[in-house]
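The values are calculated or read from the model by the stated rules, or taken from the named source; none is laboratory data. Because the structure is predicted, anything quoted here is derived from the model rather than measured. All Cβ positions, even for glycine, are placed from backbone atoms using ideal geometry, and neighbour counts span all protein chains on display. These area figures cover heavy atoms from the full protein model, side chains too; ligands, DNA and RNA do not enter into them. Shrake-Rupley method; radii C 1.70, N 1.55, O 1.52, S 1.80 Å.
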2 protein chains.
Amino acid sequence: MRVLEGRWKLVLLFHLFGGKVLRFSELERQTPGISQKMLIQQLRQLEADGIVRRVVYQQIPPKVEYSLTEWGQALCPALDALVTWVESKPAGLENATDDN
Amino acid sequence: MRVLEGRWKLVLLFHLFGGKVLRFSELERQTPGISQKMLIQQLRQLEADGIVRRVVYQQIPPKVEYSLTEWGQALCPALDALVTWVESKPAGLENATDDN
DNA sequence: CCGTATCCGGGGCGATACTG
DNA sequence: CAGTATCGCCCCGGATACGG
């Protein structure tokens, strides 16, 4: 499970949800606040763990596409369930995330 | 989603899966490697985020029980899906978790 | 039994600058 | 466009000791 730890892992996975294929710059744009360093780092870890596939197009300008592996696709039901969960959040229970 | 971040959060949630009610010492025993500090810290954060309920029995010796709130119970499908996912892990893809 | 209080090291994470 | 390379803070997490 350690595999999913990391500040941006889940966010990135959500973006690749449902067999989507995204370029580096697209992921960057869709993930406000992330730096290139963190983006590549988290992607590389996901790749090393066999969740994300990285395809390089040898050309100028460079082009790299990221997508979920089969094993990564298998995460979709879980991600789905998580979305359902956060959307079911009762009111009055906002951000207690602060004081910890 | 930050709510689920933390070295032991998911592990603890798995233990409270399905409406189970556990005492502090029970959680400690079922979670090898955790220290009392981390145990109480992660529990407190989960409590502050409305996922876990903490019930204190005013008596000697002390007794404290932890369980999932309704909003916490709603996580079960997601946890279930995660279990299914890890169990579907293909062979030959063991621990790349090391070199990151 | 159920916590609190401290100390401490490693690394996660961000900001910034540079490259093919 | 898609990355490396550095620097540094902060805080997460482990170890240990103590208290009601």
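Return the calculated 222 nm mean residue ellipticity for chain A, to the nearest 500 deg cm²/dmol, obtained by summing -39500 (n - 2.57) across DSSP H runs with n ≥ 4 and dividing by the residue count.
-12000 deg cm²/dmol
Once you place label points 7 Å from the Cα toward the Cβ at residue A:87 and residue A:40, how far apart are they in nm?
3.6
Looking at the P(r) of chain B, how many percent of alpha-carbon pairs lie beyond 18 Å?
52
What accessible surface, in Å², does a 1.4 Å probe find on residue B:23, ignoring ligands, DNA and RNA and rounding to the nearest 10?
Rounded to the nearest 10, that gives 90 Å².
Taking H placed 1.01 Å from N in the peptide plane, check which residues at least 5 places from residue A:23 or on another chain put their amide H under 5 Å from its amide H.
A:66
Counting only heavy atoms of protein chains, what accessible area per residue, in Å², does chain A have with a probe of 1.4 Å?
Here the residues of chain A average 56 Å² of exposed surface.
For the interface of B with A, what's the total buried accessible surface in square angstrom, probe 1.4 angstrom, rounded to the nearest hundred?
Result for this pair: about 2600 Å² buried.
In percent, how large is the relative contact order of region B:1-85, given Cα pairs closer than 8 Å and 6 or more residues apart?
Averaging sequence separation for qualifying contacts and normalising by length gives 32 percent for region B:1-85.
Using the Karplus equation 6.51 cos²θ - 1.76 cosθ + 1.60 (θ = phi - 60°), what ³J(HN,Hα) coupling, rounded to whole Hz, does each residue of region A:51-60 give in order, writing x for Gly and Pro?
9, 10, 9, 10, 10, 9, 9, 6, 6, 10
Provide a list, ordered by number, of residues in region A:60-74 showing at least 10 Å² less accessible area with every protein chain present than when their chain is taken on its own, using a 1.4 Å probe.
Listed in order, they are A:71, A:74.
Just to be sure I understand the interface: list residues from region B:1-41 that lose 40 Å² or more of accessible area between the chain on its own and the complete protein assembly, 1.4 Å probe.
Buried on complex formation: B:1, B:2, B:7.
Set Lys and Arg Cβ to +1 and Asp and Glu Cβ to -1, take the dipole of region B:2-84 about its Cα centre, and tell me which of B:16, B:27, B:81 lies farthest positive.
After comparing all options, I get B:27.
Dipole of region A:2-84, Cα-centred, from +1 at each Lys and Arg C-beta and -1 at each Asp and Glu C-beta, to the nearest 20 debye?
240
For residue B:48, project a label point 7 Å along Cα to C-beta. Then give me every residue of region A:72-90 with its amide nitrogen under 20 Å of that point.
A:90, by backbone N distance to the label point.
Keeping the other protein chains in place, figure out the carbon and sulfur percent of the accessible area of chain B, with a 1.4 Å probe.
53
Over the protein assembly as shown, what lengths in whole Å, largest first, do the semi-axes of the equivalent ellipsoid take, defined as the square roots of 5 times the eigenvalues of the alpha-carbon gyration tensor?
Three semi-axes, in Å: 35, 18, 15.
Return the sequence-ordered ³J(HN,Hα) values of region A:31-48 in whole Hz as given by the Karplus equation 6.51 cos²θ - 1.76 cosθ + 1.60 applied to θ = phi - 60°, using x for Gly and Pro.
So the Karplus estimates, Gly and Pro as x, are 10, x, x, 7, 9, 4, 4, 5, 4, 5, 5, 5, 4, 4, 5, 4, 5, 4 Hz.
Please report how far the C-alpha centroid of region B:1-32 lies from that of region A:55-73, rounded to the nearest whole angstrom.
Their Cα centres are 37 Å away from one another.
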